[in-house]
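Participant: Before we start, here is the structure in question, set down as structure tokens.
Any read-out appearing in this document is the output of simple, stated calculations on the displayed coordinates, not a laboratory observation. Just so it is clear, the model here is predicted, and its values are computed rather than measured. As a convention, Cβ positions derive from the backbone with ideal geometry for all residues, glycine included, and neighbour counts pool all protein chains shown.
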């Protein structure tokens, strides 16, 4: 059994844990930098090159695609699909998860509760949306962000306009989102693998901070999800098409809301605070996909 971990960071915690978990189970597990991969379609068929040379195909691939290389990563995943290599995420699932507004639209369209959100392309739309939403503070987000970067809190119309103006210089769209005050800076990260929640932790934002990101000084503790929360996390991941997902829920007066489906969730924080071998669960899930493929052939 051969497993390729497609990752640009061979020394990152999550990548190393997946490699160790694969090797521990007796699988040949290799890290491939997809930044040097090129899909090829020609008269001989399809292939995937690594540094200009044909890459031997693995039995299964686990893509770990960073936010700054989403389009290339999606092209690599699509090529693996053409080559009939099972992967733990589809190209469409990756692209959908990375576009936060599109992701929320799919979820809301399927009856999942999400925070009130407005998509804006211009400052004029931002001003109008701020008046429509009425209550400050308002959360301002870039469409693609990670680790809390590209997320800010506007307490006044003036702050809203200044933040949005800066964000619109980076991307052509921003979202304005309702601030859930009753969450008290807390959210829940549920790590979904296939149709199971493998682990969950509650994150609490640090002092003078509203973003409950570990990279922003948040604290965390292991939690047991309610049946409602567990079903919601699994359903959200399946709707977006992400088989290994970090689903973020925020408590509200109207029940848990889904705020994000992360397509390449980090493992360090949640493994550290729960003590659960999530990397091992991902490896076993990936390997099982090869058996299912064999049965279907």
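Participant: Give me the number: length gained by fully extending residue 196 to residue 224, i.e. 0.36 nm times residue separation minus the C-alpha to C-alpha distance, one decimal in nm.
Facilitator: Taking residue 196 through residue 224 to full extension adds about 8.8 nm, to one decimal.
Participant: Explain nothing, just the number: relative contact order of the chain, from Cα pairs under 8 Å at least 6 residues apart, as a whole percent.
Facilitator: The normalised contact order for the chain reaches 18 percent.
Participant: Still on this structure: At 0.890 mPa s and 25 °C, plugging the Kirkwood radius over alpha-carbon pairs of the range 1-88 into Stokes-Einstein gives what diffusion coefficient in µm²/s?
Facilitator: Roughly 186 µm²/s, to the nearest whole number.
Participant: How large is the direction-averaged shadow of the alpha-carbon convex hull of the range 97-194, in nm²?
Facilitator: If you wrap the Cα atoms of the range 97-194 in a convex hull and average its projections, you get 6.9 nm².
Participant: Quickly estimate the mean residue ellipticity at 222 nm for the chain, helices only: each DSSP H run with n ≥ 4 gives -39500 (n - 2.57), and the total goes over all residues, rounded to 500.
Facilitator: -11500 deg cm²/dmol
Participant: Further, regarding this structure: Taking the inverse of the average 1/r across all pairs of different Cα atoms in the chain, what Kirkwood radius in Å do you get?
Facilitator: Result for the chain, one decimal place: 20.1 Å.
Participant: With a 10 Å Cβ neighbour count serving as the proxy for reagent exposure, in which order, fewest first, do 42, 99 appear?
Facilitator: The most exposed by this proxy come first: 42, 99.
Participant: Something else about it: Any idea how far apart residue 83 and residue 182 come out in nm if each label point goes 7 Å out from Cα toward Cβ?
Facilitator: Going by the 7 Å Cα→Cβ label model, 5.0 nm.
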